[in-house]
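The values are calculated or read from the model by the stated rules, or taken from the named source; none is laboratory data. Note that the structure is a prediction, hence the values are computed from the model and not measured. When we count neighbours, we look across all protein chains shown, and the Cβ atoms used for this are built from the backbone with ideal geometry, even at glycine. Just so you know, the surface numbers come from the protein's heavy atoms only, side chains and all, with ligands and any DNA or RNA stripped out. Shrake-Rupley method; radii C 1.70, N 1.55, O 1.52, S 1.80 Å.
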Amino acid sequence: MEKLRLGAFISGGGTNLQSIIDNCKKPEYPARIVVVMSNQEGAYGLKRAEQAGIPTVCVPHKGFKKREEHEREIVERIEPYQVEAVALAGYMRVVTAYLLDAFYNHRKGLPGVINIHPADTRAYQGAHGYEFAMGMLAEHPQRLAETKITVHFVDAGVDTGPIIQQVSVPVLPDDGIDDLRGRGLKVEHRVYPEVIRLYAEGKLKIEGQQVIIL
Ligand code: GRF
């Protein structure tokens with residue numbers, strides 16, 4: 001079976017990218033990363049990609065007046081890599097319908113952009129998901145007993161797309177933010193490649209907002 005041609009979009013350190021790269025090294029893994037795109041020139045994730053021999057493309061968002069214009073440039077620059085699906089892995093930009101349409105996977109009849117969010121997307125959207133669970137945000141001072149790592153399809157909202165998989169992570173009484181983040185990232189690194197596998201193997205179906213794992 002042909003491996004799914006995956007593009008990974010990053011903005012930062014790329015530990016999730018690394019876990020996907022590592023999984024892609026397994027001969028039986030059904031996807032491979034064909035390009036890594038960053039909007040940040042100094043992103044350490046670009047180094048990880050280079051070390052793994054994966055082509056990189058950097059398209060800084062500064063200078064573009066509209067999100068769509070930035071995305072148009074991204075789509076053009078990565079067109080040669082024939083990306084079939086995109087994994088957002090710490091990509092800190094809100095994406096528009098333009099990008100979602102460009103990567104809609106017609107062959108699978110599924111959205112082509114997936115994201116990982118370090119909180120329950122039904123409870124919290126946007127950056128600082130671990131701080132949210134710790135009760136560190138002014139608008140949400142309650143500390144949770146657990147948070148939920150969420151992998152979801154991306155739609156035109158911010159962290160609002162259909163949920164593919166969620167895994168609970170406890171927030172322990174003695175936790176500082178780094179403890180929780182460390183525990184959560186371990187789960188992220190396991191769950192994201194698992195979901196990409198399900199996607200690549202054709203085991204996901206969407207009915208309305210509901211994702212069914214076949
Ligand atoms: C992760 O917590 C991910 O859930 C969120 O951004 C962070 C990226 O971390 N979307 P890394 O760059 O993969 O280390």
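A few remarks follow.
- If the condition is being open to solvent by 10 Å² or more (accessible area, probe 1.4 Å) and over 18 Å from G202 (Cα atoms), then the stretch 15-26 contributes T15, N16, Q18, S19, D22, K25, K26.
- Qualifying residue in the stretch 163-172 (condition: of a type in the set (A, V, I, L, M), more than 13 Å from the ligand (Cβ to nearest atom) and in a loop (DSSP other than H, G, I, E, B)): yes
- Residue count for the stretch 75-93, restricted to those that are in contact (Cβ under 8 Å) with a residue 40 or more places away in the chain and within 18 Å of the chain's Cα centre (by Cα): 12.
- Pairs with Cβ under 6 Å, 6+ apart, first in the stretch 17-34 and over 17 Å from K47 (Cα atoms), second open to solvent by less than 10 Å² (accessible area, probe 1.4 Å) and within 16 Å of the ligand (Cβ to nearest atom): N23/P193; A31/L6; A31/I196
- When Q51 is tested against the conditions (1) open to solvent by 60 Å² or more (accessible area, probe 1.4 Å); (2) within 13 Å of the ligand (Cβ to nearest atom), the lone failure is (2).
- Pair list, Cβ under 6 Å, 6 or more apart: the stretch 97-126 residue within 10 Å of A85 (Cα to Cα) and among the aromatic types (F, W, Y), other residue modelled with pLDDT of 95 or more and open to solvent by less than 10 Å² (accessible area, probe 1.4 Å): F103/V86; F103/G112; F103/V113; Y104/G112
- Scanning the stretch 89-122 for residues that are under 19 Å from H61 (Cα atoms) and of a type in the set (G, A, S), we see that the one that is nearest to the ligand (Cβ to nearest atom) is G90.
- The stretch 110-157 - residue that is under 28 Å from K203 (Cβ atoms) and of a type in the set (D, E) and, of those, farthest from the chain's Cα centre (by Cα): E146
- Matching residues, the stretch 27-41, being more than 13 Å from the ligand (Cβ to nearest atom), open to solvent by 30 Å² or more (accessible area, probe 1.4 Å) and not in a strand (DSSP E or B): P27, E28, E41
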